[in-house]
């Protein structure tokens, strides 16, 4: 008997060719109940590892309720969900055929069923759990349904009972908050207790730097729960199962080419052997001490896709994140290296969501300022803007908390080239359209005043982008430019001012409160900014602004500059320097003089 033991890749009706990097293959080969992956930037964490697990679970637990958690709802809709849908698309899954988003699953007529593949002809299988609402939910054709939620909006997953939990960018998950979500992994034992993935999790992220505000290194604690010997045994068994499966498919290809009773018997025996090894592999994965797999790898696992040039650019940039973001090494930077050294958790608030307004927003809908609890629709806004290939906009309102004046940064918006000021103005107008008070005070860099007299300066251009739409029609907004004639704000002055402002040592300066979630990129920029000392003078290290443009929002100092222009007004700078006299109290002999 002669036949190939390897699959012929060109036989597409039996074999579907999909690319996976080696570490994604290892994750699939181990197939654990609980997967924790720390992987470098660009390693296909979501589009490959997460989505492959999602598909495996979809087949292994049809009808099962699952959940996907992110740190913020905006990150979920802007970054995580698009990556998930892209990964599904790459693997041949189509919306409306294999899954639906926030819709009731379709049913098919007899004619439509005839045009569908055999495995899909009946209809979408019903979810086992009762769905009261399809909001923020993806339902697959096997009935497995994934409810999406975020830690900044606790109500999004409130009351959920799920059998598997997914999460990406897990370094932004505070340990106490994710612990509460893990309590929701319960129930449905009779229906799904047989599955390896039952009561499991799939979390991925790049490595956390605990010196950064808002990054948590909780996943590394799972290393102690991994039994390396059992994991290696599972991998070896999985490799044997894979070889047996290849031999079966090769035998089937040969039987199709040369049908005969002898070839049919060989094919049947190969299938029996493959199923035997699959059963052994599955049983090993069910062992209690083999449920957890912790994986750490650098970006080099995806070098075939990223190319040598991508790594050369990252190394040449020398942005102090090569060891962490690319090589996945534990961070060695100390908090004393931070430019905004006095910045702490007291400057951030996490209760900024208006839950009632949020409940009206769907997965694919655009939210507006009504979801922000502390935005007063009847008060003017203050904007700090930094111009460049990334235009950054910090948006604030004055407030008073516990008898103390404060400046509350309620939102951060940005554009990346080729988008520019017209696009940023449109984003601002759309997000803050519900505002009753349409007055804004604009603060910006001295360079924004260039050519002001001929109305060709960047500040005037942005003012126009808010006050008029793309067709030139008035929008009802009124922009008051506050930085006309302002001098340069040097980095050494910024460094000393920020220590005074953020430390609270000058009671005449307002407290700073920043929305932890709605101003996420500003938060990352402030806590990630590093010092550079020249001749004993402290400067801000702005080398991160030369990163590839798509990395600027999360890793550059650009957003922090918009914050600088917002808070460092002429009056506050004078107060910080002690040039504004303290107001006299009524009754003081000098009062009124």
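Values quoted throughout were computed directly from the atomic coordinates according to the rules given, and no laboratory measurement underlies them. Here the structure is a predicted model, which means the values were calculated and not measured. Note: ideal-geometry Cβ built from the backbone for every residue, glycine included; neighbour counts use all protein chains shown.
General observations
- Residues of the stretch 210-233 falling in the label zone of residue 289, defined by backbone nitrogen less than 12 Å from a point 7 Å along Cα to beta-carbon, are 226-231.
- For the chain, DSSP calls about 40 percent of its internal beta bridges antiparallel.
- Modelled spin-label separation between residue 22 and residue 194, with each label point placed 7 Å from Cα along the Cα-to-Cβ direction: 3.7 nm.
- For 480, 514, order by how many other beta-carbon atoms lie within 10 Å, fewest first: 480, 514
- Förster radius 60 Å - calculated FRET efficiency between residue 268 and residue 398, Cβ distance, rounded to 0.05: 0.20
- Between residue 94 and residue 579, the simple label model (points 7 Å from Cα in the Cβ direction) yields a spacing of 6.7 nm.
- Extension gain for the segment residue 531 to residue 571, taken as residue separation times 0.36 nm less the Cα-Cα distance, is 11.8 nm to one decimal.
- Full-extension gain in nm, residue 312 to residue 377, via 0.36 nm per residue minus C-alpha separation: 18.6 nm
- Sorting 276, 157, 393 from the fewest to the most surrounding beta carbons within 10 angstrom yields 276, 157, 393.
- Against the main long axis of the alpha-carbon atoms of the chain, helix 558-567 sits at an angle near 30°.
- The chain: relative contact order as a whole-number percent, Cα under 8 Å and 6+ apart: 15
- Extents of the stretch 227-289, taken as max minus min of Cα coordinates on every principal axis and listed largest first, are 47, 13, 11 Å.
- Taking 0.36 nm per residue of separation and subtracting the current Cα-Cα distance, fully stretching the chain between residue 235 and residue 474 would add 79.5 nm.
- Placing R0 at 56 angstrom, the Cβ-Cβ distance between residue 337 and residue 103 gives a FRET efficiency of 0.70 after rounding to 0.05.
- Taking Cα atoms only, the orientation of helix 491-503 departs from the longest principal axis of the chain by about 80 degrees.
- The calculated pair-distance distribution of the stretch 394-449 uses every alpha carbon pair, bins of 5 angstrom beginning at 0, and gives 4, 14, 20, 25, 18, 11, 5, 2, 1 percent.
- Across the stretch 116-234, the relative contact order, built from alpha-carbon pairs under 8 Å that are at least six residues apart, equals 21 percent.
- Rounded to two decimals, the Cα radius of gyration of the stretch 336-576 over 2.2 N^0.38 Å is 0.98.
- Each label was represented as a point 7 Å from its Cα along the Cα-to-Cβ direction; for residue 227 and residue 355 these points are 4.2 nm apart.
- Ranked by the mean number of other Cβ atoms within 10 Å of their residues, highest first, the peptides 74-83, 187-196 fall in the order 74-83, 187-196.
- Ranked for footprinting exposure by Cβ neighbours inside 10 Å, fewest first, 201, 401, 436 give 436, 401, 201.
- Here residue 538 and residue 276 are evaluated by their C-beta separation; at R0 = 60 Å the FRET efficiency comes out at 0.35.
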